[in-house]
Amino acid sequence: MKSLGTIVLLVAALGLSACSKTGADRFGNGAGMDGANAYGAGANGAYGDPSSIGYFQNAVGDRVLFEVDQSTLTATAQDTLMKQAQWLLTNGDYKAIIEGHADEQGTREYNIALGARRATAARDFLVSQGVPASRLEIVSYGKERPIAVCSTESCYSQNRRAVTVISGGFSS
Amino acid sequence: MKPFAHAAALALALMAGTAAPVLAQSGPLRIDITQGVIEPMPIAIPQFVAESAGAQDVAAQLTSVIAADLVGTGLFREIPREAFISQISNFNAPVQYADWKAVNAQALVTGAVSTDASGRLIIKFRLHDVFSGGEMGEGLQFAGTVDGWRRMAHKVADQVYSRITGEGPYFDSRVVFVSEQGSKAQRQKRLAIMDYDGANVNYLTDASSIVLAPRFSPDGSRVLYTSYESGFPRIYVMDVGSASRRALADQPGTMSFAPRFGPDGNTVVYSVTEGGNTDLYALNMATGGRSRLTSAPSIETAPSFSPDGSKIVFESDRSGSQQLYIMSSGGGEPTRISFGDGRYGTPVWSPRGDMIAFTKQNKGRFHIGVMRVDGSEERLLTASFLDEGPTWSPNGRVIMFTRESQGESGAAAMYSVDISGRNLKRVPLPAGGSDPAWSPLQR
């Protein structure tokens, strides 16, 4: 566990340097945002704790990425979602909101619908892995909340995402 | 919050007590927009005469706005005042047409400004056809509050524009839009309203929630828009005068967006996303009754009514990519109308009913375009990194839209363009702006 914690912190640091904005979910004021605000940066020191939200975000991986105009889950995405499902089943007190996002290369309304498809694909996969649907909600932000702001594929590929935002427990 | 709450009192009356108007001359003084104007018509707009003490400033401002409206169409060229031979110092004195002909003016607008005993602003104007040496149409008088001077200027310019082009007026109108501030990754959005020319910006919401795509009711008194204030996209209706708002009824676990009024001002068409699938619905606001218009596994969104309310144009990716379709306003089998290369979205029916404006994506570029209702005569008006979301001027001659610039410092601005594709202009705004929706002509 000790060495794993070190690796996790390293990964987190790399993530921060690779793109200037990693915290997709602190924008706006939606319910999902509140969850991230409550647990995001403040949980930094707790990444080593496998039941922490910081651990979920960074070690499990809180997001999956999509191809252009697609909502099909890639093999990598399915792998990440399987780990997410395990975490959610282990930490049964938490709920999650899955945020669907699109890159800027599309019209506003269509991208909201596309983001909803992506969030739903992730949600349906988690449910297929045994996570109760009652613990999961979806929301689409379309192209309204990019995390990478350049206008090239290197940024677009990060923005075409579904992010699982842990939104607090039932009783905790 | 209510810049023109009292502007309904603005009265338009035939000017009393002046000589009988000269018959309209429709000969040389004519701009046919459909033929495509290459050379703008030279027009002289001497400063309106201040007929009462203290009217000097407003006379100067008002004349500038009239000139800006007309020149801003790209159809007129203002003759600089330094070139004038005659001056207009008395509104009722005979016009020396030879002097205006000598400076190559084809049209001449003269006017006077005064305030009456009750403090109301009185504006009179005449439009002259310099070559035939007479008035074009009747002189008119407008009365209103001093605060409403801009609207009165737009009304004068609307009269001049309509008489010379034969087109409907559009300057006395407003635009509701999304004001944008902040960096691309943390953009703050507020609902805002302005005059069509970017003046008198007022904010209708704060920046605490994402707001998207406001749309006017047919009488301009209400606005539908999408907000994330509940944490999920949901449709709200706002009374523009009071800025009071309420959420439209929706079903838990769904997202709703892309609303637009029908011409009855009571029916709202919009998109609902449920279980990842987006379809079109219609809501009767009076009864709360909701009907489903489409039932397909594809994305159906961006609906827009025909002006007579009988049909809806919308976008769907049922063919595998975004395309435009028309169906009966009650639902039913749609007919595809877009068949060119690329993807088509955000269709908007023109106020005249004869055209559809749309966003087109092709080969990595975005375009605003127009086509006939049957999909023929497609014409692209713009091209850029990202243009989207057209809205029609009340007379169906100008389109305003969002243009987003490229890269890390990318920002949204609003532009307008004639449906001929000419006269592309940025709407002057203090901050970024997107998702414009043009109001009907004000009354």
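Per-residue answers, yes or no, for (1) more than 14 Å from chain A (Cβ to nearest Cβ); (2) surrounded by fewer than 21 Cβ atoms within 10 Å (Cβ to Cβ); (3) over 16 Å from B:GLY433 (Cβ atoms):
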{"site": "B:THR382", "(1), (2), (3)": "yes, yes, yes"}
{"site": "B:ASP387", "(1), (2), (3)": "no, no, no"}
{"site": "B:PRO394", "(1), (2), (3)": "yes, no, yes"}
{"site": "B:MET400", "(1), (2), (3)": "yes, no, no"}
{"site": "B:SER405", "(1), (2), (3)": "no, yes, no"}
{"site": "B:GLY410", "(1), (2), (3)": "no, yes, no"}
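If you take the residues in region B:202-217 that are closer than 30 Å to B:PRO307 by Cβ and within 11 Å of another protein chain (Cβ to nearest Cβ), which one is surrounded by the most Cβ atoms within 10 Å (Cβ to Cβ)? That would be B:ALA213. Considered as a group, the residues in region B:65-93 that are closer than 19 Å to B:GLU135 by Cβ and among the hydroxyl-bearing types (Ser, Thr, Tyr) include one that is surrounded by the most Cβ atoms within 10 Å (Cβ to Cβ), and that residue is B:SER86.
Results for (1) in contact (Cβ under 8 Å) with a residue 40 or more places away in the chain; (2) among the basic types (Lys, Arg); (3) within 18 Å of B:TYR196 (Cβ to Cβ), shown as yes or no for each residue.
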site: B:PHE385; (1), (2), (3): no, no, no
site: B:GLU388; (1), (2), (3): yes, no, no
site: B:ARG397; (1), (2), (3): yes, yes, yes
site: B:MET400; (1), (2), (3): yes, no, yes
site: B:SER405; (1), (2), (3): no, no, no
site: B:ASN423; (1), (2), (3): yes, no, yes
site: B:PRO430; (1), (2), (3): yes, no, yes
site: B:TRP438; (1), (2), (3): yes, no, yes
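Taken as a whole, region B:297-318 holds at least one residue that is under 26 Å from B:GLY421 (Cα atoms), in contact with a Phe, Trp or Tyr (Cβ under 9 Å, 6 or more places away or on another chain), of a type in the set (Asp, Glu) and assigned by TED's automatic domain parsing to the domain that holds B:GLY253.
Considering region B:255-278, the residues that are within 11 Å of chain A (Cβ to nearest Cβ) and out of contact with any Lys or Arg (no Cβ under 9 Å at 6 or more places or on another chain) include one that is farthest from B:ILE312 (Cα to Cα), namely B:GLY275.
Out of curiosity, is B:ILE43 among the hydrophobic types (A, V, I, L, M, F, W, C), at pLDDT 95 or above and in contact with an Asp or Glu (Cβ under 7 Å, 6 or more places away or on another chain)? For B:ILE43, the condition - among the hydrophobic types (A, V, I, L, M, F, W, C), at pLDDT 95 or above and in contact with an Asp or Glu (Cβ under 7 Å, 6 or more places away or on another chain) - is met. So, A:VAL165, is that one at the interface with chain B (Cβ under 8 Å from one of its Cβ atoms), closer than 27 Å to B:SER271 by Cβ and not in a helix (DSSP H, G or I) or not? Against the criterion (at the interface with chain B (Cβ under 8 Å from one of its Cβ atoms), closer than 27 Å to B:SER271 by Cβ and not in a helix (DSSP H, G or I)), A:VAL165 does not qualify. Any residue at all in region A:72-93 that's buried (at least 22 other Cβ atoms within 10 Å of the Cβ), in contact with a strand residue (DSSP E or B) (Cβ under 8 Å, 6 or more places away or on another chain), within 14 Å of chain B (Cβ to nearest Cβ) and closer than 30 Å to B:LEU212 by Cα? The answer is no; no qualifying residue exists.
The sole residue among B:SER230, B:SER242 that is within 14 Å of chain A (Cβ to nearest Cβ), more than 25 Å from B:GLU388 (Cα to Cα) and not hydrophobic (A, V, I, L, M, F, W, C) is B:SER230.
If a residue counts only when it is open to solvent by less than 10 Å² (accessible area, probe 1.4 Å) and closer than 19 Å to B:THR226 by Cα, which strands (runs of 3 or more DSSP E) contained entirely in region B:271-311 have at least 1 such residues?
Result: B:277-284, B:300-305.
Which of the residues spanning region B:319-363 are away from every other protein chain (no Cβ under 14 Å) and out of contact with any strand residue (DSSP E or B) (no Cβ under 9 Å at 6 or more places or on another chain)? Hits for region B:319-363 are B:GLY332, B:GLY353. In region B:327-344, the residue that is surrounded by the most Cβ atoms within 10 Å (Cβ to Cβ) out of those that are in contact with a Ser or Thr (Cβ under 8 Å, 6 or more places away or on another chain) and of a type in the set (Ser, Thr, Tyr) is B:TYR344. Considering only residues in region A:94-130 that are more than 9 Å from every other protein chain (Cβ to nearest Cβ) and of a type in the set (A, V, I, L, M, F, W, C), the one that is most open to solvent (accessible area, probe 1.4 Å) turns out to be A:VAL127.
The rows are residues; the columns are (1) part of a strand (DSSP E or B); (2) not hydrophobic (A, V, I, L, M, F, W, C).
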residue: B:ILE356; (1), (2): yes, no
residue: B:THR359; (1), (2): yes, yes
residue: B:VAL370; (1), (2): yes, no
residue: B:THR382; (1), (2): no, yes
residue: B:PRO390; (1), (2): yes, yes
residue: B:ARG403; (1), (2): yes, yes
residue: B:ASN423; (1), (2): no, yes
residue: B:PRO436; (1), (2): yes, yes
residue: B:GLN442; (1), (2): no, yes
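Only one of the listed residues (B:ALA60, B:ALA98) is modelled with pLDDT of 95 or more, surrounded by 13 or more Cβ atoms within 10 Å (Cβ to Cβ) and outside any loop (DSSP other than H, G, I, E, B). That residue is B:ALA60. Could you check region A:73-96 and list, in sequence order, the residues that are polar (S, T, N, Q) and over 21 Å from A:CYS155 (Cβ atoms)? The answer is A:GLN78, A:GLN84, A:GLN86, A:THR90, A:ASN91.
The values are calculated or read from the model by the stated rules, or taken from the named source; none is laboratory data. Computed from a predicted model, the values in this text were never measured in an experiment. Every residue, glycine as well, gets a Cβ built from its backbone with ideal geometry; the counts of neighbours run over all protein chains shown. In case anyone asks, the SASA skips ligands and DNA or RNA and just uses the protein heavy atoms, side chains included. Shrake-Rupley method; radii C 1.70, N 1.55, O 1.52, S 1.80 Å.
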